1. If we count every other residue with Cβ under 10 angstrom of residue 121's Cβ, Lys/Arg +1 and Asp/Glu -1, where does the sum land?
2. Sorted from largest down, what three extents in whole angstroms do the Cα atoms of segment 180-282 have along their principal axes?
3. What size of dipole, in debye to the nearest 20, comes out for the chain about its Cα centre when the only charges are +1 on Lys and Arg C-beta atoms and -1 on Asp and Glu C-beta atoms?
4. About the Cα centre of segment 159-356, what is the dipole size in debye to 20, counting +1 per Lys and Arg Cβ and -1 per Asp and Glu Cβ, all else neutral?
5. Probe radius 1.4 Å, ligands and nucleic acids left out: which of 30, 134 has the largest accessible area, and how do the rest follow?
6. Figure the gain on full extension for residue 138 and residue 104 (residue separation times 0.36 nm, minus the Cα-Cα span) and round it to one decimal in nm.
7. At 0.36 nm per residue, and after removing the present C-alpha to C-alpha distance, how many nm does the segment from residue 268 to residue 242 gain when stretched out fully?
8. How big is the charge dipole of segment 148-203 about its Cα centre, in debye rounded to the nearest 20, if each Lys and Arg gets +1 on its Cβ and each Asp and Glu gets -1 on its Cβ?
Amino acid sequence: MKAIAAPLCAALLLSAPEAGADPCDGWPAWQAFRQGFVVDGGRVVDRSQGSLPTTSEGQSYAMFFALVANDRPGFDSLLAWTRGRLAGGDLGARLPAWLWGRGQDGRWQVLDANSAADSDMWIAYDLLEAGRLWREPRYTAEGKLLALRILREETADLPGLGLTLLPGRQGFLFSDGAARLNPSYLPPQLLARFAYGLPDSAWARLPRGSKRVLLDGAPAGFAPDWLRFQPGKGLSPDADSQALGSYNAIRVYLWAGMLAPAAPLRGALLAKYRPMALRVAKEGEPPEEVNVVDGKAQGHSPAGFSAALLPFLQAQGETDALRAQLRRLQSMPLDQRADAYYDHVLTLFGLGWHQGRFRFANNGELQPAWERKCPASLPASH
């Protein structure tokens, strides 16, 4: 197994705000991630899986990190691989397949052609923001086409809930009108950006139903991994996932913590999920899983959970708990977990935000630090 570049965790922690992170340095932590996880000229490998597969999630997140790092060559290689291998060469005509890897016949290929709506949204967002920040109309056009295809193929008008994002193109909407939903697939920043950037489309209708999913689906103040919607009954914790909040749900707190101070949903989300902040402050670390009905928690979470909660704890004003998570990250170096793809992703998001490398505007636009602080003539990182 290929090892991750040893300086990754150190690069993340040593460039925290108190250490004077430089937004013009190309983001060493991203470069280490790229060296350790990106192969074949643009494929993100999930090394936690023995088969070394690639998911549309991995591609979408890596494209975002490349944009934050002002790494246009890296962005272009990730985009080209995603478009060519997962979308048949055209992201405007086909949603990306969510899973690619080695088949039983030994060939590398699409293993599951179904889509993952959150990844599709992040890819569309990455393209829109790359087009705006790098002044490249091709990106913008491709991002808009993909965003409109998401509307057509990955949403449903659910009675009593309205237009809602489904987790994928197939398998989440049932014949009786019920649906299986995933709150972590609904970053409010992205929904706001699409509503702002495509004002004549149905994206403007998505935030209303998404607000219900994010708020009504957490009865005890803890985000669930999955929800069940039933006409006439509304939202309830998903029995198939044992009503737990864990590896999916951790992203709900991450998205909420990274919202702009004046973003419309920020106050309501922080108030709703306050119990998680209080639990972390009391226990010193996030639980691995929580029963979202009774709030009972168990398990020691991986390092990525602590990183994901940094923006959330800062937004909650829990300074001591935030410092405790930074100390926990220092005690759990990621360079000793070369296979921990998801931990590395959560850490790039959470600690990168904590370092001030990026912010989101009220309308969802990305505000990378390099846009404000680096010379206009700075070339993209290589």
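The values are calculated or read from the model by the stated rules, or taken from the named source; none is laboratory data. No experiment lies behind these values; they were computed from the predicted model shown. Glycine also receives a Cβ, built like all others from the backbone with ideal geometry; neighbour counts cover every protein chain displayed. Calculation scope for accessible area: heavy atoms of the full protein, side chains included, ligands and nucleic acids excluded. Shrake-Rupley method; radii C 1.70, N 1.55, O 1.52, S 1.80 Å.
1. Result for the local shell: -3.
2. Between the extreme Cα coordinates on each principal axis of segment 180-282 lie 42, 35, 21 Å.
3. Numbers: 40 positive and 38 negative charges, 104 e Å.
Dipole about the Cα centre, nearest 20: 500 debye.
4. Working: 20 positive and 16 negative charges, 118 e Å.
Charge dipole of segment 159-356: 560 debye, to the nearest 20.
5. On the way: 30 0, 134 35 Å².
Descending order: 134, 30.
6. Stretched out fully, the residue 138 to residue 104 stretch lengthens by 8.5 nm.
7. On the way: separation 26, 0.36 × 26 = 9.36 nm, distance 2.58 nm.
Working it through step by step, the gained length comes to 6.8 nm.
8. Roughly 180 debye for segment 148-203.
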